[in-house]
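The values are calculated or read from the model by the stated rules, or taken from the named source; none is laboratory data. This is a predicted model, so every value here is computed, not measured. No Cβ is skipped: glycine too gets one built from the backbone with ideal geometry, and neighbour counts run over all protein chains shown. Please note that ligands, DNA and RNA were not included when accessible areas were found on the heavy atoms of the full protein model with its side chains. Shrake-Rupley method; radii C 1.70, N 1.55, O 1.52, S 1.80 Å.
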Amino acid sequence: MTSFDDLLSNVPVAQIAEKLGVDEATAKTAITAAVPVLLGGFQAQAGNPESGLNLENEVANQPHALLDGGVDIDQVDVNNGNQIVDQTFGAEKNTVISALGNVGGSAISQDLMGKLLPMLAPIVLAYLGKKALGGGGGGAAAQSGGGGIGDILGSLLGGATGGNSSGGLGDILGKAMGQNAGNVLGNVLGGLLGKK
C-alpha cells in the first residue's frame, strides 16, 4: 500500500529525536510537517523533464535496503540528503526552512528543520524507489519518463489530503503548519511546480 501514513511509519522518530536533541512529540510534529514539503518539492522535480531525470536517478541511487527491517538513522547519508534538498528547492531552500521553522511553536526552529530535511530526503526517496520497484507501487511505476514516480508522489500527496487532491498540497501544508507557514510554502512549491 502506498500511503502517506505508510511512508511516515518508515521514519524512525525516536532516533531522529535523539539526533536532534528534542523530545519525540516535537520530532513527530517536525517530521509530519517536513515530509509533505519534500514530497511537494519532489513532485515539482518529477514534473520537469530535465530535473525529473535527476529525481529518477536519485531515487534509483538510494539504497532501498535502508527501509528493510526499519530505518537506522545512522545508515542515512545526510551529505547526500543535503544535496537532494539543495537540488529540490534551489534558491528557495532557505525560505522553505524558514517557513518550516515556524511550525509547532518555539520547540521547532529553523536550525532543527535545516538538520531534519537532509535526514528525511534519502528516506523518502528510498521509499519512492521501493514502491517504484513494485513494493506496492504497481507495474505502472516502472514506466520511463517519470510517470511512475510522479504517480506515486500524486497518490502520497492525495492520501495526505484525505483524497482531495485538487487543493492538495496547500491543504496539507495549511493543516500541518498553520495558515501563514502553509501559505508561504504553498507559494514556493507552486512556483517550483510552475517551472515545468
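Annotations
- Pairwise label distance in nanometres, A14 with N80, each label 7 Å out on the Cα-Cβ vector: 2.6
- Taking the 1.4 Å solvent-accessible surface of the stretch 1-129 as the whole, the part contributed by carbon and sulfur is 45%.
- Computed E for L133/Q87 - FRET, C-beta separation, R0 30 angstrom, nearest 0.05: 0.85
- Protection proxy ranking of 18-26, 34-42, 124-132, 80-88 - average other beta-carbon atoms within 10 Å, highest first: 34-42, 124-132, 80-88, 18-26
- Over 21 Å (Cα to Cα) - which of K28/K131; K93/K115; K19/K130 fall in this group: K28/K131; K19/K130
- Available extension along the chain between D6 and A65 is 19.6 nm, counting 0.36 nm per residue and deducting the alpha carbon span.
- Anisotropy class of the stretch 40-112 from Cα gyration tensor, a/c 1.5 cut: oblate
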